[in-house]
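As structure tokens, the structure follows; a few thoughts come after it.
The values are calculated or read from the model by the stated rules, or taken from the named source; none is laboratory data. Bear in mind the structure is a predicted one, so any value in this text is a computation, not a measurement. In this analysis, Cβ positions are derived from the backbone assuming ideal geometry, glycine residues included, and neighbour counts consider all displayed protein chains.
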Amino acid sequence: MDSHYLGYEVAGAGLAYSSYTSASSMPPGLFRSSKLDSRNLPSFPFSTPYDPETLATYGVSWDPDGLAYNPSGATLYSNSLLDYNNCLQQPAPSPFCPQDSSLVCSNDPSFPQNVNGNHHIRQALWELESALMDADDYSRPGSWNDEQHIEKCCRAMEDFAMLPVIPTDNLKHLLISCARALSEDKLNEFEELVKHARAAVSISGEPIQRLGAYMLEGLIARKELSGTHIYHALKCSELDSKDLLSYMRILYEICPYYKFGYMAANGAIAEACKNEDRIHIIDFQIAQGTQWITLLQALAARPGGAPGVRISGIDDPFSEYARGDGLAAVRKRFEAISKKYNIPVEFHAVPVFALDVTRNMLDIRPGEALAVNFPLQLHHTPDESVDVSNPRDGLLRMVKSLSPKVVTLVEQESNTNTAPFLARFTETLDYYLAMFESIDVTMPREGKERINVEQQCLAREIVNVIACEGKARVERHELFGKWRSRFMMAGFRQLPLSSYVNSVIRGLLRCYSEHYTLLEKDGGMLLGWKDRNLISASAWH
């Protein structure tokens, strides 16, 4: 099988672009920067006023035919999460602060606090010290016997004893503590923990600091019951679609996650349909349609001649926004490919949400080999935990009734669908931390492009998982084992992925970091970062 089937490099006809639109967008209006007083805690982009002076926009050029991509850089964000460590001045040691303590004591309670210290413990120590060593009273004979001062000291010591133990030495544990406090409805404790977490996160820091900024925003949105509003607001057209496409393309280039999915799906379809003269591909997330360019190119080069190919593209409103145009743009792309490589291609637009698709919309024709593609999309369809009619399994049964030659599934390897909130938060933290770490080895932490990629392509998903519930939570990932069970219950049998596809993907990963892993398990393939699996791919019929 020709390696062009696998779709990890778009060549010819100026087609140097491939993307996946469910890498979600986040318009810059939701990420604000604010002018901060150095004595206050840094504030968050979702909740701070808009300051246009801090935003800088870089142009993106786009081929009028929609076939060639030529970015000149894009950014719409200015870092508003300040690092206070460099601003701290160490005060003179206090008799109530041991020299080996990590606490930084100050006689000024409004003094900015080091992120490794506990502001409230320091505050209590300061109040206790002030009560015991007040300068005005200390010089007055008999002041230590004053009942007012005794009462003041007792109150200060009681307040100190009642302070919660906060694990500020580990940001990951601190974030989990925030989530636990919120899940247990301990709102006062949650607010105190959030203050510490705000001082420790940074969108230009280490991976856990960058991820922490967005996860903390999700927690705040959940507490304020604004998660659904934020998630839907992120679909607004404030961000130019060309900029969004540029961010998605950057993510596509620097990490192999989407390439892996395209290669695995294209390879399975090519193998299943290698002897077919008429092929009908139903893509449940057509995006820009770029996944199919290399497959069409390879089919056109078949020794026996090119088969006729028909592509039905399922589309939703967000895909249209991300493209910056309707499905006419996808049709134009396929027409250009058809002419370029002399292969008959027919495009059928299906502009509805996936769960609303019916057999009658798909124009199934006798004699066509049917291939169905679910690219990081099926988890958006609710299951029995959201809707008693179970649209997720219902969609699979409908697809099974079409008698497809092959069905390809690519999904995030994460367990966030039915997990309770705290477990879901921890799973999301672990999953996206691996993704942020993989981005960290390819792009500088201070780079504006890296900031935009994480904000526009990942943060929206994170907020939805953490802040939304019920039908409003559309990011409902499941592990490969659960998808396997669903497909088998719907009547599918698993198709083995070819060893050739496996070897080509391993070759691709060698072009990236040595920390990427590829695991074959239960007939599927799992792409991971270090010891964390991130994306699964499998084929069914």
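Could you tell me whether Leu182 is at pLDDT 60 or above, assigned to a helix (DSSP H, G or I), in contact with a Ser or Thr (Cβ under 6 Å, 6 or more places away or on another chain) and within 27 Å of Glu469 (Cβ to Cβ)? Against the criterion (at pLDDT 60 or above, assigned to a helix (DSSP H, G or I), in contact with a Ser or Thr (Cβ under 6 Å, 6 or more places away or on another chain) and within 27 Å of Glu469 (Cβ to Cβ)), Leu182 does not qualify. Of the helices (runs of 4 or more DSSP H) contained entirely in the stretch 412-479, those carrying at least 3 residues that are farther than 28 Å from Glu514 by Cα and of a type outside the set (Lys, Arg) fall at 421-440, 460-467. Checking each residue in the stretch 368-398 for being closer than 28 Å to Leu295 by Cα, in a helix (DSSP H, G or I) and free of Cβ contacts under 8 Å to residues at least 60 places away in the same chain picks out Leu395, Met398.
Out of everything in the stretch 430-452 that is of a type in the set (Ser, Thr, Tyr) and modelled with pLDDT of 95 or more, what residue ends up being farthest from Ser414 (Cα to Cα)? It comes out as Ser438.
So that you can scan it fast, the table gives a plain yes or no per residue for (1) at positive phi; (2) exposed (fewer than 14 other Cβ atoms within 10 Å of the Cβ); (3) under 23 Å from the mean Cα position of the chain (by Cα):
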{"residue": "Phe480", "(1), (2), (3)": "no, no, yes"}
{"residue": "Met489", "(1), (2), (3)": "no, yes, no"}
{"residue": "Leu495", "(1), (2), (3)": "no, no, no"}
{"residue": "Arg506", "(1), (2), (3)": "no, yes, no"}
{"residue": "Tyr516", "(1), (2), (3)": "no, no, yes"}
{"residue": "Lys521", "(1), (2), (3)": "no, yes, no"}
{"residue": "Gly528", "(1), (2), (3)": "no, no, yes"}
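One residue stands out among those in the stretch 315-350 that are of a type in the set (A, V, I, L, M, F, W, C), assigned to a strand (DSSP E or B) and modelled with pLDDT of 95 or more: the one that is surrounded by the most Cβ atoms within 10 Å (Cβ to Cβ), which is Val345. On the given criteria, is Tyr231 assigned to a helix (DSSP H, G or I), at pLDDT below 75, among the aromatic types (Phe, Trp, Tyr) and within 20 Å of the chain's Cα centre (by Cα)? Against the criterion (assigned to a helix (DSSP H, G or I), at pLDDT below 75, among the aromatic types (Phe, Trp, Tyr) and within 20 Å of the chain's Cα centre (by Cα)), Tyr231 qualifies. Within the stretch 295-307, identify whether any single residue is outside any helix (DSSP H, G or I), at pLDDT 95 or above and either closer than 22 Å to Ala264 by Cα or among the basic types (Lys, Arg) (or both), and answer yes or no. Within the stretch 295-307 (the criterion being outside any helix (DSSP H, G or I), at pLDDT 95 or above and either closer than 22 Å to Ala264 by Cα or among the basic types (Lys, Arg) (or both)), the answer is yes, since at least one residue qualifies. Among the residues of the stretch 329-367, write down those that are in contact (Cβ under 8 Å) with a residue 24 or more places away in the chain and closer than 22 Å to Val474 by Cα. Across the stretch 329-367, the qualifying residues are Val350, Pro351, Val352, Phe353, Ala354, Leu355, Val357, Thr358. Candidates are the residues of the stretch 493-515 that are among the small types (Gly, Ala, Ser) and free of Cβ contacts under 8 Å to residues at least 40 places away in the same chain; the one that is nearest to Trp529 (Cα to Cα) is Gly507.
For the stretch 351-362, the count of residues that are surrounded by 19 or more Cβ atoms within 10 Å (Cβ to Cβ) and either part of a strand (DSSP E or B) or of a type in the set (Lys, Arg) (or both) is zero. Among all residues of the stretch 234-256, there is at least one that is of a type outside the set (Gly, Ala, Ser), modelled with pLDDT of 95 or more and in contact with a strand residue (DSSP E or B) (Cβ under 8 Å, 6 or more places away or on another chain).
When the stretch 400-430 is filtered for residues that are charged (D, E, K, R) and in contact (Cβ under 8 Å) with a residue 40 or more places away in the chain, the ones remaining, listed by number, are Lys400, Lys405, Glu411, Glu413, Arg424, Asp430. Checking each residue in the stretch 250-276 for being under 26 Å from Pro307 (Cβ atoms) and among the aliphatic types (A, V, I, L, M) picks out Met263, Ala264, Ala265, Ala268, Ile269, Ala270, Ala272. Scanning the stretch 495-521 for residues that are out of contact with any Asp or Glu (no Cβ under 8 Å at 6 or more places or on another chain) and more than 24 Å from Ser438 (Cβ to Cβ) gives Leu495, Pro496, Ser499, Tyr500.
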